[in-house]
Amino acid sequence: MKKQIDWNALGFHYTETDFIIRADYKDGQWSKPIATTEKYIPLHVAATALNYGQEAFEGVKAIRGVDNKIRIFRMQDHALRMQSSAKAIAMPEVPVELFCECIELALQKNIEYVPPHDTLASLYFRPLLLGTSPRLGVGPGDEYTFIIYASPIGNYFKGGFQPTTFIINRHVDRAATLGVGAYKVGGNYAAGFRATQETHRQGYGCLFTDALTHQYIDECEAANFLGIKGNLYLTPDSHSILPSVTNRSLMQLAQEMGLEVKRTPILVTELATLDEAAACGTATIIAPIGTIIDPDHNLTYSFAKHTVCEQLYHDLLAIQHGEKEDKHGWCTIV
Ligand SMILES: Cc1ncc(COP(=O)(O)O)c(C=O)c1O
C-alpha cells in the first residue's frame, strides 16, 4: 500500500494514482483496453464532448474487506447504467464485459491505492465516455473514447454519523422534466453548479425540486433522497432522477428488514410527515439529513433521529466490507 497517503485525511477529492485505462471506438469497433500513466488525452478542439456535451460518466467503488480481500461493488449495474446514459445522448454502448474488464484492470494497476480496511476509505473509479469526433454541425460523432481513472476517497463519516442541512431550491433546474436527468451525463451536473455554489456559500446542501411544478422532491445534489415514515421507506419516483445503485441496494435491504418500500412522487410538504430523511449515493452510502429549509415558504423541517438509516448504512457497509453475507452477489471479489 502507498505509504505516503494519509488514508484518514482523504475526502472526496482527486488524488493522483498511477494508471488510467483507455479504449477507443472507431469504425463501429472497440479497441483492446490499454493501461497508461498519461493523464492528459489529445482531444480535437471540435470534439463532440467538448462542443456539445456528448459525455457520460460513472462512479464505482472498490473496498478492502475485513478479510483483506478487495470487493468491487455492483460493477455490472454501473456498466448497465452507463449503457443507458450512452443511448440517451446517441453514443455507442460500452459492452458490459469491456466495462468490467477495464474496471478490474484499473484496480490491478492501481492496487496499492486501495485503502486499508479499518479506515473505511475506498478506491473510487470514474469511468468516462467521451465523443471525440471533430464536428462543427450539431450532432453526434462517430468516434468515442472510454477512460477509467481511479482515486482513493475517504470515509465520509469521520466525525460520526452527522446529519446535514439542505435548502430547497426552486430557482435552478438541474434537469428538464423529460430531459436527461435520469442519465449520468455531464450537462446535468454543470446545470446545477449555479444553485449548489450558492447553497454551499450559505453552508447548506441543495435539494432540487421537479422542473415542472417545483413542488416535488427531486435530487439531493448528486444523491437520491429517501425518507422513513413508520414502516415505510419512501423515495421519489421521477423521470429526472438518476436511478441510484446505492438506493436500489438500500431498498432491497429495507425490504429484508421488514420495511415496505415505495417509490412515489414526494411533495415537499410531505416532509412534515417523515420520521427520517437522508441522501444516498456511492460516496457516502447514506448521509442523514437533520434539517431541510424551505426559504420560499419560510418553513423548516427537522429530523431528530436516523435509527433506520443508520441500520441500513451499517448493513450495506458490512456487505461491502465482507462482514455480512453478500446474498445478492453485489460484490466482485478480486
Ligand atoms: C445525480 C445523482 N443522483 C444520485 C446518485 C447516486 O447514485 P449511486 O448510488 O449509483 O452512486 C448520483 C451519483 O452517482 C448522482 O450523480
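The values are calculated or read from the model by the stated rules, or taken from the named source; none is laboratory data. Since the structure is predicted, the reported quantities are computational estimates derived from the model, not experimental observations. Neighbour counts are summed over all protein chains in view; Cβ atoms, including those assigned to glycine, are modelled from backbone coordinates with ideal geometry.
If you scan the stretch 239-249, which residues turn out to be within 25 Å of T209 (Cβ to Cβ) and within 9 Å of the ligand (Cβ to nearest atom)? Selection gives I241, L242, P243, S244, V245, T246, N247, R248. Condition check: surrounded by fewer than 17 Cβ atoms within 10 Å (Cβ to Cβ) and within 30 Å of I111 (Cα to Cα). Does G137 satisfy that? Here the answer is no, as G137 does not meet what is asked.
Considering only residues of the stretch 207-221 that are out of contact with any Phe, Trp or Tyr (no Cβ under 7 Å at 6 or more places or on another chain) and within 16 Å of the ligand (Cβ to nearest atom), which is farthest from V180 (Cα to Cα)? The qualifying residue farthest from V180 (Cα to Cα) is Y216. Checking the structure you have, find out if any residue of the stretch 195-206 is surrounded by fewer than 22 Cβ atoms within 10 Å (Cβ to Cβ), in contact with a helix residue (DSSP H, G or I) (Cβ under 9 Å, 6 or more places away or on another chain) and in a loop (DSSP other than H, G, I, E, B). No, the stretch 195-206 has no match at all.
F99 meets the conditions (1) within 14 Å of the ligand (Cβ to nearest atom); (2) out of contact with any Lys or Arg (no Cβ under 7 Å at 6 or more places or on another chain) in every case but one. The failed one is (1). In summary, I289 fulfils each of the numbered conditions (1) under 18 Å from Q202 (Cα atoms); (2) without any contact (Cβ under 8 Å) to a residue 40 or more places away in the chain; (3) under 21 Å from the mean Cα position of the chain (by Cα) with the single exception of condition (2). Looking at the stretch 97-118, can you tell me whether even one residue there is of a type in the set (F, W, Y) and over 30 Å from Q4 (Cβ atoms)? Yes, the conditions are met somewhere in the stretch 97-118. Scanning the stretch 151-194 for residues that are within 16 Å of the ligand (Cβ to nearest atom) and assigned to a strand (DSSP E or B) yields S151, I153, T164, F166, N169, V185. One residue alone among K61, K87 is basic (K, R) and away from the ligand (no atom under 16 Å from the Cβ), and that residue is K87. Among the residues of this structure, E93 counts as one that is out of contact with any His (no Cβ under 8 Å at 6 or more places or on another chain), more than 21 Å from T284 (Cβ to Cβ) and free of Cβ contacts under 8 Å to residues at least 24 places away in the same chain. The residues on offer are K26, K39, K3, K32, and the sole one that is at pLDDT below 95 and away from the ligand (no atom under 16 Å from the Cβ) is K3. Taking the stretch 61-104 on its own, how many of its residues are touching a strand residue (DSSP E or B) at 6+ places or on another chain (Cβ under 7 Å) and farther than 23 Å from G28 by Cβ? The number of residues fulfilling the criteria is 13. Which residues, taken from the stretch 260-273, are crowded, with 20+ Cβ neighbours inside 10 Å and away from the ligand (no atom under 16 Å from the Cβ)? Across the stretch 260-273, the qualifying residues are V268, L271. Residues considered: I228, I217. Of these, the only one that is surrounded by 23 or more Cβ atoms within 10 Å (Cβ to Cβ), more than 24 Å from A56 (Cβ to Cβ) and not small (G, A, S) is I217.
Within the stretch 16-26, the set of residues being in a loop (DSSP other than H, G, I, E, B) and not acidic (D, E) comprises T17, F19. Test I319 against the criterion of being under 30 Å from L123 (Cα atoms), within 15 Å of the ligand (Cβ to nearest atom), modelled with pLDDT of 95 or more and in contact with an Asp or Glu (Cβ under 6 Å, 6 or more places away or on another chain), and give yes or no. The answer is yes for I319.
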